[in-house]
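Engineer: Next up is a structure, given as structure tokens.
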Amino acid sequence: MDQAPKKRVSPKKIMPIILGLVLIGALIFGIKEYIYFQHHVDTDDAQVDGNINPVVARVGGYVKDIRFVDNQYVRQGDTLVVLDDRDYVLKLQEAEAALKATESNVGVSRSNVKYTRANLATTQSNIDAAKAKDWEATQNYTRYQNLLTAQAITQAQFDAVKADKEAADANLAAAENQSTVVNRQVGASEEQVSATQSNIAVQNTNVEYAKLQLTYTVITAPASGIVSKRDIQVGQLIQAGQTLFAVVDTSSLYVTANFKETQMDKLKIGALADVKVDAYPDMAIVGTVNSFSGATGAKFSLLPPDNATGNFVKVVQRIPVKILLPRDPALITRLRPGLSVDVSVRAR
């Protein structure tokens, strides 16, 4: 018995079915994307950032010792570079010697004050003695003047007494003038002591400054992190202000995501953000929106655009958003500033 031939499905019937399935799939995909973007704000213009601390020499000198290797992890306060400190040791010794000399000058000045004060007491005694002699000469002069009037003495006797009185007056005036001079000397000596004591403060400052300069010959890590971009060798002469290397603070990593200005209305501080690192696609990271930049990225460029020229073309601007990362040791050991990431912020 012959079998009946199978009926073939007409291509005209297959095409509507395929088209319907494609439309259904596209509709499902569109609905999923619509729902996703209603609750998420995405950008691929983002990268890992962190504090990169440049280490700058504060004094010049020859590099004596380097105590790290490239890309080594160091802790804050670790000694990294030692400079030849002999010049600074000599400067410290010079400052200390100047301080001792100034202190000795203070002692000499105080001795001068004591000496001039002792002279002041002597001059006062001389004044008292001169006053006594002047009083005696004045009394004799008065008596002899009366005797001369009574013609009881000769003129020669009176002239001798008069001369004694004038000599006593002169001696008294000289003693008083000497007292004035000694008083001025005492004042000058005391001012000298004050001036020398002020010099002690200056010399103390010089000593402390020399000690501070000496400490700068030992260069330590400003933060804990990875030492990179080393630019020195042992024996190299470096200058004050020269950048030697950088320390990347791996404990302060965060993400800078540049969102379009049209996306900003959906972003809120504290919102969770899913971060996908291109270098580690299997690593799931959930960060937190921390803050928004004070201006768009274009405003911080070297030549910011000036729309007042008349040649205006509207370009969608981007605003940097800081996203904090969890303090996970796995992130600290693997992430590096500059890595590209994709960010999806859970908007609602």
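Engineer: Arrange ILE219, ILE200, ILE319 by Cβ neighbour counts within 10 Å, fewest through most, would you? Could you put the intermediate results ahead of the total?
Structural biologist: Details: ILE219 24, ILE200 14, ILE319 20.
If I rank by nearby Cβ atoms, fewest first, I get ILE200, ILE319, ILE219.
Engineer: Using 1/(1 + (r/R0)^6) with R0 = 30 angstrom and r between the beta carbons of THR142 and ALA174, what's the FRET efficiency to the nearest 0.05? Mind dumping the intermediate values first?
Structural biologist: Working: r = 23 Å, r/R0 = 0.76.
Between THR142 and ALA174 the formula returns 0.85.
Engineer: Pairs of Cα atoms under 8 Å, at least six residues apart: use those to get the relative contact order of segment 197-348, whole percent. Before the final figure, lay out each step's value.
Structural biologist: On the way: 190 pairs, mean separation 41.3, N = 152.
Relative contact order, segment 197-348: 27 percent.
Engineer: Among VAL227, VAL289, LEU302, which residue has its Cα positioned farthest towards the positive end of the charge dipole of segment 225-348, with +1 placed on the Cβ of Lys and Arg, -1 on the Cβ of Asp and Glu, and the dipole taken about the Cα centre?
Structural biologist: Towards the positive end, the residue furthest out is VAL289.
Engineer: Enumerate the aspartates and glutamates that LYS211 could reach by cross-link, defined here as Cα to Cα under 14 Å, with residues fewer than 8 away along the same chain left out.
Structural biologist: Result set, ordered by chain and number: ASP85, ASP87, GLU94, GLU96.
Engineer: Apply 1/(1 + (r/R0)^6) to the Cβ-Cβ distance of LYS162 and LYS131, taking R0 = 22 Å, and write down the FRET efficiency to the nearest 0.05.
Structural biologist: Values: r = 19 Å, r/R0 = 0.86.
That gives a FRET efficiency of 0.70.
Engineer: Would you give the gap between the C-alpha center of segment 235-268 and the C-alpha center of segment 134-151, rounded to a whole Å?
Structural biologist: Measuring centre to centre over Cα atoms gives 104 Å.
Engineer: Run the reach check for LYS131 against aspartates and glutamates, Cα to Cα strictly under 20 Å, same-chain hits fewer than 8 apart removed. What comes back?
Structural biologist: Straight-line reach from LYS131, under 20 Å: ASP164, GLU166, ASP169, GLU176.
Engineer: Roughly what would the spin-label model give for GLU94 and PHE292, points 7 Å off Cα along C-beta, in nm?
Structural biologist: 5.9
No value in this document is a laboratory result; all are computed from the given coordinates. Everything numeric in this text was worked out from a predicted model, so none of it was measured. In this analysis, Cβ positions are derived from the backbone assuming ideal geometry, glycine residues included, and neighbour counts consider all displayed protein chains.
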